[in-house]
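What follows is a short report on a single structure.
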Amino acid sequence: MARIPLTAGVDEAGRGCLAGPVVAAAVILPKGYKARLPGLTDSKLLTEKRRGELALTVKSISRAWAIGVSWPREIEACNILHATKLAMGRAVLRLKLRPERLQIDGNQTILLEGFLQEAVVDGDRRKPVISAASVVAKVFRDHLMTRLDRRYPGYGFAEHKGYGTRAHRLAIRRLGPCHMHRATFQGVREEPPSQENLCLPGLDT
């Protein structure tokens with residue numbers, strides 16, 4: 001019997017945010033995973049509680065999982081699409097097992113050689129291995145934004161996770177952008193930087 005190629009699902013979280021990094025996850029699921037992951041789907045369709053439960057299970061049963069990150073300065077330098085692909089590539093290369101095949105959410109492949117790649121539109125709903133990556137990336141990023149809320153108070157990162165909500169935009173207008181804001185994004189670039197937050201240490205290393 002021919003061996004089934006090892007497949008990693010790849011997805012991101014935070015691409016459309018005004019602040020914080022874009023985070024990608026790559027996941028390789030084992031055989032028989034379905035019984036252990038009931039209700040697995042696109043992370044955006046799950047409650048926060050269920051996402052957290054599924055993320056823990058995915059990480060405990062997966063053959064391999066990894067995270068890749070692209071921080072705001074990199075997003076500004078090379079644009080969000082390229083930064084997202086970089087984060088995805090970093091996640092894949094950090095897997096403890098090397099997959100032969102990648103299934104990537106969206107309509108584009110990423111800049112990696114040596115892998116068969118399949119871009120899957122709505123893959124986070126259609127392909128369980130991509131759904132698993134979606135959940136892991138979202139939960140990781142949400143926890144990170146909660147930590148950043150303590151370092152950069154006043155913007156509400158713990159609540160909106162960096163997305164362009166009305167409350168977030170009003171906070172940017174009131175305080176000016178901080179080090180975690182994406183200066184090239186509409187809704188951020190019109191406002192002067194916050195002098196108080198410019199002197200705080202960044203996390204983009």
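Values in this text are rule-based calculations from the coordinates and carry no lab data. Predicted model only: the values in this text are computed from it and were never measured. So basically every Cβ, Gly included, is an ideal-geometry build from the backbone, and we count neighbours across all protein chains shown.
When semi-axes √(5λ) of the Cα gyration tensor in Å is calculated directly from the model, which label among (1) 38, 17, 14; (2) 47, 19, 12; (3) 32, 18, 13 fits?
(3)
Hey, can you rank 104-115, 80-91, 16-27 by average C-beta count inside 10 Å, highest first?
16-27, 80-91, 104-115
In the structure shown, do any of K34/K85; K85/K127; K49/K138; K31/K96 have a Cα-Cα gap over 21 Å, and if so which?
K34/K85
What residue among V135, V120, V58 has the largest mean-square fluctuation in a Gaussian network model of the chain, using Cα springs under 10 Å?
Highest fluctuation among the options: V120.
Antiparallel DSSP bridges in the chain: what percent, to the nearest 5?
Antiparallel bridges make up about 60 percent of those DSSP assigns within the chain.
Given Cβ point charges of +1 (Lys, Arg) and -1 (Asp, Glu) and nothing else, what value in debye, to the nearest 20, does the dipole of the stretch 63-204 about its Cα centre take?
That gives a dipole near 340 debye.
In which sequence would F157, F185 go, from the one with the fewest C-beta neighbours within 10 Å to the one with the most?
So the ranking, lowest neighbour count to highest, is F185, F157.
Based on the Cβ-Cβ distance of S60 and R126, what FRET efficiency does E = 1/(1 + (r/R0)^6) give at R0 = 22 Å, to the nearest 0.05?
Working from the Cβ atoms, E equals 0.35.
If you put +1 on each Lys and Arg Cβ and -1 on each Asp and Glu Cβ, how big is the dipole of the stretch 7-141 around its Cα centre, in Debye rounded to 20?
Roughly 540 debye for the stretch 7-141.
Excluding residues on the same chain fewer than 8 positions from K44, give the aspartates and glutamates whose Cα lies under 18 Å from its Cα.
Filter leaves D11, E12, E53, D105, D122, D124, D142, E159.
About its Cα centre, what dipole magnitude does the stretch 150-195 give when the only charges are +1 on Lys and Arg Cβ and -1 on Asp and Glu Cβ, stated in debye to the nearest 20?
The dipole magnitude comes to about 100 debye.
Pull out the extension gain between R169 and Q108, defined as 0.36 nm times the separation in residues minus the alpha carbon to alpha carbon distance; nm, one decimal.
Roughly 18.9 nm would be gained on extension.
So for the stretch 150-195, considering every pair of alpha-carbon atoms, how many percent are separated by more than 18 Å?
For the stretch 150-195, the share of Cα pairs beyond 18 Å comes to 13 percent.
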